[in-house]
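The values are calculated or read from the model by the stated rules, or taken from the named source; none is laboratory data. Values in this document were obtained by computation on a predicted structure and should not be read as measured data. Here the Cβ is made from the backbone with ideal geometry for all residues, glycine too, and neighbour counts use every protein chain on show. Heads up: the accessible areas ignore ligands, DNA and RNA and are worked out on the full protein's heavy atoms, side chains in. Shrake-Rupley method; radii C 1.70, N 1.55, O 1.52, S 1.80 Å.
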Amino acid sequence: MANTPSAKKAARKIARRTEINTARRSRVRTFLRRVEEALASGDKAAAREAFKQAEPEMMRASSKGVFHKNTASRKISRLAQRVGKLADA
């Protein structure tokens, strides 16, 4: 348990940030799930639309430090490829 005042404050700050980051991570996962579902159903228009909404959400999370920038870019790139393949087919 934290003993010094600064450690107690740090623990409070960490708890607040954890709550915020958990919400952001959950939000991103929801958007990614929508893209995955659209891809699974084979609906080109829905997949493209879901991807358009998921991309900025993912990058916003990476800019806030929830995900590493390269992780977000990699995931977006791979999703874009899959959406593109579906649109071409």
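Quick look at the numbers
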| quantity | calculated |
| --- | --- |
| Rounded accessible area of Ile14 (nearest 10 Å², 1.4 Å probe) | 110 Å² |
| Calculated percent of Cα pairs over 21 Å apart (choose from (i) 21; (ii) 43; (iii) 59), label | (ii) |
| Heavy-atom accessible surface of the chain: percent carbon and sulfur, 1.4 Å | 51 percent |
| Dipole magnitude of the range 11-69 about its Cα centre (Cβ charges: Lys, Arg +1; Asp, Glu -1), debye to nearest 20 | 520 debye |
| Surface accessible to a 1.4 Å probe, per residue, for the residues of the chain, Å² | 71 Å² |
| Cα-based helix-to-principal-axis angle, 69-88 vs the chain, degrees rounded to 10 | 20 degrees |
| Vicinal HN-Hα couplings computed from phi for the range 22-29 (Karplus, 6.51 cos²θ - 1.76 cosθ + 1.60; Hz; Gly/Pro x) | 4, 5, 5, 4, 5, 4, 5, 4 |
| Extreme residue, positive dipole direction of the chain, given options Ala47, His68, Pro5 (C-beta unit charges) | Pro5 |
| Estimated FRET transfer efficiency when R0 is 30 angstrom, pair Arg33-Lys13 (beta carbons, to 0.05) | 0.50 |
